[in-house]
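Just below is one structure, and these are the notes that go with it.
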Amino acid sequence: KDYYLIQPRKFLEKMFYLLKGESIDRFSPGFEFQKLNIRDYSHLIIDNSILGRFAKIIKEINPSIFVITLHHNFDRKFYSDSFSSIIDKMLINRVLDYNQKLAASNSNMNLMFTKKDMYDIENSYGRISDDRKQIFGFYEPITSSIAESSSRSSKIRLIITGNLSVKKGYIGVI
């Protein structure tokens, strides 16, 4: 119900935070959590571990808040084919690792889509106790081939894949 405008960041500020491993989105580092009166909330859901550093920031302001992070993927693997330059990959992996690790270690509950995601996250960032993790998805890998439908409708069909800024997203639409 409330909207807070965030000032655009300057180029040098973007570079500083990228090298530090803290920034990949438009919210960093300009969002002021104090404006939200975090102490008034009992729960916070972080939709995507790319914003995982917010779990730590919010826990520092209100240690009693119950933080839930939805890990859509093991981010490092998901984005692996999205950047061609080795320098881009190194910088982005640093940011992805920083954020996902903070999400995993500072959330009261880590929700993952698959067993594989949970294994990859724990293998990279450390074991998460059983009471702080849960698999809630239905997206286990397909092991058999998918046959093409024999009848086609003249209606246009669209596949909604989610993030169109990464290769896996726009290939799905194409």
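The values are calculated or read from the model by the stated rules, or taken from the named source; none is laboratory data. Everything quoted here is computed from the prediction, not taken from an experiment. Neighbour counts are summed over all protein chains in view; Cβ atoms, including those assigned to glycine, are modelled from backbone coordinates with ideal geometry. Side chains are part of the model used for accessible areas, which takes the heavy atoms of the whole protein and leaves out ligands, DNA and RNA. Shrake-Rupley method; radii C 1.70, N 1.55, O 1.52, S 1.80 Å.
Scanning segment 111-133 for residues that are polar (S, T, N, Q), modelled with pLDDT of 90 or more and surrounded by 14 or more Cβ atoms within 10 Å (Cβ to Cβ) yields a single hit, Ser124. Scanning segment 83-100 for residues that are outside any loop (DSSP other than H, G, I, E, B), in contact with a helix residue (DSSP H, G or I) (Cβ under 7 Å, 6 or more places away or on another chain) and over 10 Å from Ile50 (Cα atoms) yields Leu91, Asn93.
Pairing each residue of segment 8-32 that is closer than 20 Å to Asn93 by Cα and among the basic types (Lys, Arg) with any residue that is open to solvent by 100 Å² or more (accessible area, probe 1.4 Å) and modelled with pLDDT of 75 or more, provided the two are 6+ apart or on different chains, yields C-beta distances under 9 Å for Lys20/Arg94; Arg26/Pro8.
Could you tell me how many of the residues in segment 55-68 are buried (at least 21 other Cβ atoms within 10 Å of the Cβ) and either within 18 Å of Gly21 (Cβ to Cβ) or charged (D, E, K, R) (or both)?
Going residue by residue through segment 55-68, those that are buried (at least 21 other Cβ atoms within 10 Å of the Cβ) are 55, 67.
Of the ones still in play, those that are also either within 18 Å of Gly21 (Cβ to Cβ) or charged (D, E, K, R) (or both) are 55.
Within segment 55-68, residues that are buried (at least 21 other Cβ atoms within 10 Å of the Cβ) and either within 18 Å of Gly21 (Cβ to Cβ) or charged (D, E, K, R) (or both) number 1.
For the subset of segment 52-82 comprising residues that are in a helix (DSSP H, G or I) and aromatic (Phe, Trp, Tyr), which member is modelled with the lowest pLDDT? Out of the qualifying residues, it is Phe78.
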